[in-house]
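Notes follow the structure.
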Amino acid sequence: MALWRAVRDRRFEGYKFRRQHPVGPYIADFACVEHALIVEVDGSQHLETQAGYDRVRDAFLREEGFRVLRFTNLDVLRELDGVATRILQALREQAGE
């Protein structure tokens, strides 16, 4: 996956991401634990059939102290630079920069 290649091994401005990181009963697609940021990349089924599940899941993750960003697969494929910019902005906000 293109996003994982961009954020793995501290390639992303030195921030450490984990892939498929467990948080309670859920598995986050990508997590920067140090800055309490979770990034989810969703297929179209999330918009159509899993919106309620995602709201409950996101509420749990927020209660655990995480900020959650969601992108579609198409966002990542077509606008990886824009997605990366948004993630970096969120990381800096979480870090208080």
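The values are calculated or read from the model by the stated rules, or taken from the named source; none is laboratory data. Model, not experiment: these values are computed from the prediction. Cβ: placed from backbone, ideal geometry, glycine included. Neighbour counts: every protein chain shown.
Return yes when E40 is surrounded by 17 or more Cβ atoms within 10 Å (Cβ to Cβ) and of a type in the set (D, E) and no when it is not.
It is true that E40 is surrounded by 17 or more Cβ atoms within 10 Å (Cβ to Cβ) and of a type in the set (D, E).
Could you figure out which of (1) more than 13 Å from R57 (Cα to Cα); (2) surrounded by fewer than 18 Cβ atoms within 10 Å (Cβ to Cβ); (3) of a type outside the set (F, W, Y) isn't true of I27?
(1)
Results for (1) touching a helix residue (DSSP H, G or I) at 6+ places or on another chain (Cβ under 6 Å); (2) more than 20 Å from L3 (Cα to Cα); (3) in a loop (DSSP other than H, G, I, E, B), shown as yes or no for each residue.
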residue	(1), (2), (3)
P22	no, no, no
E34	no, no, no
G52	no, yes, no
L61	no, yes, no
G65	no, yes, yes
D75	yes, no, no
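Among the residues of the stretch 47-73, which ones are at negative phi, touching a residue at least 24 places away in the same chain (Cβ under 8 Å) and under 15 Å from the mean Cα position of the chain (by Cα)?
Matches in the stretch 47-73: R57, F60, L61, E64, F66, R67, V68, L69, R70, F71, T72, N73.
Just one of the numbered conditions (1) within 14 Å of the chain's Cα centre (by Cα); (2) touching a residue at least 24 places away in the same chain (Cβ under 8 Å) is not true of Q89; which one?
It is condition (2) that Q89 fails.
Residue by residue through the stretch 13-38, note down the ones that are closer than 17 Å to G96 by Cβ and of a type in the set (A, V, I, L, M).
Within the stretch 13-38, V33, A36, L37 meet the criteria.
Do we find that A84 is closer than 18 Å to A2 by Cβ, touching a residue at least 12 places away in the same chain (Cβ under 8 Å) and within 15 Å of the chain's Cα centre (by Cα) in this structure?
Taking the combined requirement at face value, the residue satisfies it.
Restrict the check to the stretch 29-49 and report whether at least one residue is out of contact with any Phe, Trp or Tyr (no Cβ under 8 Å at 6 or more places or on another chain) and among the hydroxyl-bearing types (S, T, Y).
yes
Being at pLDDT below 95 and either assigned to a helix (DSSP H, G or I) or within 16 Å of L88 (Cα to Cα) (or both) is the requirement here; does R5 meet it?
For R5, the condition - at pLDDT below 95 and either assigned to a helix (DSSP H, G or I) or within 16 Å of L88 (Cα to Cα) (or both) - is met.
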